[in-house]
Structure formats: structure tokens, C-alpha cells
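Chemist: Once you've had a glance at the structure underneath, I'll fire off some questions.
The values are calculated or read from the model by the stated rules, or taken from the named source; none is laboratory data. What you see is a predicted model; the values in this text were computed from it and never measured. Neighbour counts run over all protein chains shown; Cβ positions are idealised from the backbone, glycine included. Heads up: the accessible areas ignore ligands, DNA and RNA and are worked out on the full protein's heavy atoms, side chains in. Shrake-Rupley method; radii C 1.70, N 1.55, O 1.52, S 1.80 Å.
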Amino acid sequence: MTSEPTYRVRSPGRVNLIGEHTDYTGGYVMPFATDLHTQLEATPSSAVEVASDAVETTYTFETDALELEDDWIDYVKGCYAILQAEGYEPGGFTGELSATLPLGSGLSSSASLELAVMGFLNEAYDLGLSRERMAVLSQRVENEHVGMSCGIMDQFAVALGQDDHALMIDTETLEYEPVPMPEGIRVVVFHTGVSRELVDSAYNQRRETVERALAKLGVESSKAVSEDDLDELSALERDRLGFVVRENNRVTQAKAALSDGDLEQFGELLVDAHRDIAEHYEASCAELDYVVEQALEEGAYGARLTGAGWGGAAIALVDDEQADAFADSLAAAYRDQFPDLDPATYPVTPSAGVQLEQVE
Ligand code: GLA
């Protein structure tokens, strides 16, 4: 009897440097994959049995029984649902999940889990999927199985991230360019401890508004919209799409600033992006606004919310040797300001997209 091989998959999270709420309008984004990651150790078998050590639960299911559970296992089941819809028939696995990536904090733990499962199934069952295709199929897991209308940014960054680089992605064409992170700086993630329970409905609403605005203007991509075009829209649509149009421009400028090593300019763009999203997209909250302003007080080049917003995490850009002291001092100030919340800080490094090795 030949025994089945065991694989270890390391699937990162993502931080978005700039380009927020642009990816469902075919705009620009500039995320990177983090060293914080999800690990899946798994062996092919007929059904699926998967245990998560973070939440101490185990789920078992047959690969033709994919009903929703309203829990993290839906991301695993969704991978099967979408692969099957595309004509693939991967078998099951017995696996264990663990993570250094904090769950549900705005660092894409769901995309990380999807790509861990996709990456494993692709290898173990020889599906022949490229990284781009795994990203697109994982986005469909969210859109069609879980019911979250997200764009492609998270899955793309998790699949295609590169060590020490951010990726500038055109989410209309999926063309992308790695942008080297200058040496000597560090991105500190600050998790506000604010729960993101209302994110999905607010997110889907924003998406409907900007899609309606694009349809009125008769264009598919926000890149085709200028600020003058906005006059044709209602006040709300103008506010929302106006932010997206300016954000696209900021991503282009931010890429240039980063490539030139101009950290002052890059930092200013982060702060502009935050103030704009807070005022015109209304995707921030008091805690995120506080973190951004306080981070500037404490000497950051720039700071902004990262991910969908409405709680979750912010990022700050600081000199590497100051990162730990900066994080401690910002967390202390935050605790004074919001004594009921439990923040967490994570200095992160841009890292490679999903990686897999055979361990037995
Ligand atoms: C979430 C979504 C992404 C993107 C961001 C906002 O992370 O999953 O597709 O839309 O929000 O930029």
C-alpha cells in the first residue's frame, strides 16, 4: 500500500498600503502579503476532516455536501463548490489549521484560508491552476458561496505576493508590478480591537452605490472617470465615487514615491487617503481616526486604515529601528483613550505568496 503524501501550506495575510475600495471598480491597489500567515498541514483522503487550533473546532464533510455552516468552514467548502462548478473534482483531505495571522482583524484571514486550501488541492490533486487563477477562484468563493461581494485584492496579494515587495495591481486587467519596499522602514499594523460585524452590509452598500454611479457614467472602470465627470451624479454618488477616483490617483503617485524612496511624500499620501476615506467614503471610525492622528504625533511618516474599514486595523509607516518602541507607545496612548478595547500591534514584512512543501 502506498501512503498519501502530507503537505504543509503556508498562506500569508495581506496588508493594503494604499488603494482602498477601488478593487471592485477596476481601479488600482497596492497591497503586500504578510509574514503573518495561516498554516495548513494536510493529507489527501476521501472526505474532508479539518481541525482549527485557533478556534478549537473540527469539521467533517463529504465533498458533495457543501451547505453553509455560517462559520470558517464555509471558506473550505466554498473552495470545493467553486472548483466543482469549474469542472474540477478534487478529493478530500485530513488537515490541521494553525495561524500566526489574527482572525477577523482586517488582514484577510479568510483569503489566507481560501488560498491555503486552493494551494493544497491544486498540488495534491494536480489541478494545474496558475496563481492568478487560484486568486480569481478564491474571490468567487467569497462572492458566490459565502455571499461577500469583495474585489480581487486580498486573494491576489495572498496568491502572488513577493518578499520585500508590494504589488501595484490594476484590478481591471490583473496586470501587476512588484514595487520594492525601501530598506530601513517598517509597516506596523495596529489592530483597534473594534469588531467588524457590520462590515459586510456597509461594504455591499458602498459597492452598490459606486456601481450605480459608474453605470450612470457609462463606464466599467473607475480609472476612466475624471473629477469633472462627477458633476453628473447625485451628491452621495459624487462623494463615494469621487473618493475612488482620487484614490486611484494616489496609488499611482504612491508607487512613484516608493520607487524614489521618498518616504515623506509616500507618508503624506497615506494620510490624505485616510482623511478622504473617512470624510467621503465614511468607512472609518473614531478609533481608526485616533490611531492615524496619534501615529503622526508619534513620528510616523504616514498612517491610514487598511482593508475594508469600520474597525479592524490601521497601518503606520516608521523607521525600522523605532518600530517596537513606536508600537508600544501608540498602544499605551490608545489604551488610555479607549480603556474598554484591547488593541494589538504587529510589525510586518512583505512576504511571498502561498507556499507549499511536501513534509512526508
Ligand atoms: C476588503 C475586500 C477587498 C477590498 C477591501 C477594501 O478587504 O475583501 O476586496 O475591497 O476590503 O479596499
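Chemist: Near E172, within a Cβ-to-Cβ distance under 11 Å, what is the net charge of the other residues, with Lys and Arg +1 and Asp and Glu -1?
Modeler: Computed value for this residue: -3.
Chemist: Oh, and also: For the chain, what is the relative contact order in percent, using Cα pairs closer than 8 Å and at least 6 residues apart in sequence?
Modeler: 26 percent
Chemist: What is region 236-360's relative contact order, in percent, from Cα pairs under 8 angstrom and six or more apart in sequence?
Modeler: Computed value for region 236-360: 17 percent relative contact order.
Chemist: Here is a further query. So, by mean Cβ neighbours within 10 angstrom, what's the order for 242-248, 326-332, 31-37 with the highest one leading?
Modeler: 31-37, 242-248, 326-332
Chemist: Another question about this same structure. Apply 1/(1 + (r/R0)^6) to the Cβ-Cβ distance of D319 and E360, taking R0 = 45 Å, and write down the FRET efficiency to the nearest 0.05.
Modeler: Once rounded, the FRET efficiency stands at 0.55.
Chemist: Take the alpha carbon atoms of region 1-68, find their center, do the same for region 326-360, and report the distance between the two centers in whole angstrom.
Modeler: The two parts, judged by their Cα centres, are 19 Å apart.
Chemist: Follow-up. So if we plug the beta-carbon distance of Y125 and D200 into 1/(1 + (r/R0)^6) with R0 = 41 Å, what FRET efficiency do we get, rounded to 0.05?
Modeler: 0.85
Chemist: Hey, another quick one. Tell me the carbon and sulfur percent of the accessible area for region 158-253, rounded to whole percent, probe radius 1.4 Å.
Modeler: The C+S portion of the solvent-accessible surface of region 158-253 is 43 percent.
Chemist: Let me ask you something else. Please report the relative contact order for region 290-360, taking Cα pairs under 8 Å with a sequence separation of at least 6, and give it as a percent rounded to a whole number.
Modeler: Normalised by residue count, the contact order of region 290-360 is 23 percent.
Chemist: Among 63-74, 109-120, how do they line up from the highest to the lowest mean number of other beta-carbon atoms within 10 Å?
Modeler: Top to bottom by mean Cβ count within 10 Å: 109-120, 63-74.
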